[in-house]
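What follows is one structure encoded as structure tokens, with my remarks underneath.
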Amino acid sequence: MKVAEALASSGLSIAEARLLLANATGWPRTTLIAHPERELSGSEVRNFAAIAARRKAGEPIAYLLGEREFYGLGLAVSPSVLIPRPETELLVDLGIERIPSHASVRVLDLGTGSGAVALAIKHARPQSQVCAVEASAAALEVARANATRLGFAIEFIEGRWFEPLAARRFELIVGNPPYVAQGDPHLAEGDLRFEPREALVAGADGLDAIREIARAAPAHLDPGGWIFLEHGIGQDAAVRALLAEAGLDSARSWPDLSGIARVTGARLTNLGGTS
Ligand code: GLN
């Protein structure tokens, strides 16, 4: 079978079919585009058919390819981790804005998953000391492998939110915790069906994890330090209220590229006073 026939008969969009055929053959996509007449071997055809069938059954393309790009970094992903999403780049942007270029700022990433946020911050601010906490051992393995492959020194710690950190304080805390409500119909659609539930779902209103994090945050921030949390559509006012109730100041929310309030931040009062 020729490349063009395999792509056309796959039942997938041409873009996805090419990505999966490149994966099944080991040929670069540019080769597939330039040489539609190339003959595929029997095993290449079979590999492609198998992976295309999984895609048609709904498996996320990122899991089938085992990778996803985030903030310009190629990250390995597996079904143990949430697939990094473009809207999470806002969380990274807000964090990076708070870190002066050559400062050695202590940063904490809560629930790092694939390591996406921690790695993107370390990439943009190599002098920062980034600590990343994750409750899932399987996810932490993915994050560690990503850091090793990219050559970034990150301190990884297994545990739930702040629990493994004792009394440690940070100048900046970021996190993309689970924030989908139990029973939300989106959980039965698209990629979400295949992603780890514990990375997505947080109680009846989706705010259980953020509630827990907000309560403990003041004890882990330096005076003047900021925390930024990603959340879902329509949760921004509730998250601002939770951060304020916890005793943090200046709570405000920022919109993602679709105009949806997606990240909310607040800071611990700087008793010394100026910033
Ligand atoms: N943004 C994800 C979604 O609803 C949820 C990610 C999360 O819970 N942190 O698709």
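Electrostatic tally near A202: other residues with Cβ closer than 15 Å to its Cβ, Lys and Arg +1, Asp and Glu -1, net -3. In region 1-55, the portion of solvent-accessible area held by carbon and sulfur atoms comes to 56 percent [1.4 Å probe, whole percent, DNA, RNA and ligands not counted].
With the chain treated as a Gaussian network of Cα nodes joined by springs under 10 Å, which of E134, E230, E97 yields the largest mean-square fluctuation? Comparing E134, E230, E97 in the GNM, the peak value goes to E97. The angle between the Cα long axis of helix 14-25 and the main principal axis of the chain comes to about 80°, on a 0 to 90 degree scale. Largest GNM mean-square fluctuation across H123, H220, H186, computed for the chain with C-alpha springs under 10 Å, falls on H186.
Rounded to the nearest 10 degrees, the inclination of helix 42-56 to the longest alpha-carbon principal axis of the chain is 40 degrees.
Gain on full extension, evaluated as 0.36 nm per residue between L257 and R160 minus their Cα-Cα distance, stands at 31.9 nm. Measuring nothing but protein heavy atoms, the accessible surface of region 147-230 at 1.4 Å probe radius is 53 percent carbon and sulfur. Computed with a 1.4 Å probe over protein heavy atoms only, the accessible surface of the chain comes to 45 Å² per residue. The residues neighbouring W27, those whose beta-carbon lies less than 11 Å from its own, together hold a net charge of +2 under the Lys/Arg +1, Asp/Glu -1 convention. The sum of -39500 (n - 2.57) across all DSSP H runs of n ≥ 4, divided by the residue count of the chain, sets its helix-only mean residue ellipticity at 222 nm to -10000 deg cm²/dmol. Highest GNM mean-square fluctuation among F48, F194, F156, for the chain modelled with Cα contacts below 10 Å: F48.
Taking the square roots of 5 times each eigenvalue of the Cα gyration tensor of region 117-263, largest first, gives ellipsoid semi-axes of 23, 21, 15 Å. Other residues with beta-carbon under 14 Å from the beta-carbon of D256 carry, at +1 per Lys or Arg and -1 per Asp or Glu, a net charge of -3.
The values are calculated or read from the model by the stated rules, or taken from the named source; none is laboratory data. Keep in mind the model is a prediction, meaning the values are calculated, not measured. Every residue, glycine among them, receives a Cβ derived from its backbone with ideal geometry; neighbour counts consider all protein chains shown. Calculation scope for accessible area: heavy atoms of the full protein, side chains included, ligands and nucleic acids excluded. Shrake-Rupley method; radii C 1.70, N 1.55, O 1.52, S 1.80 Å.
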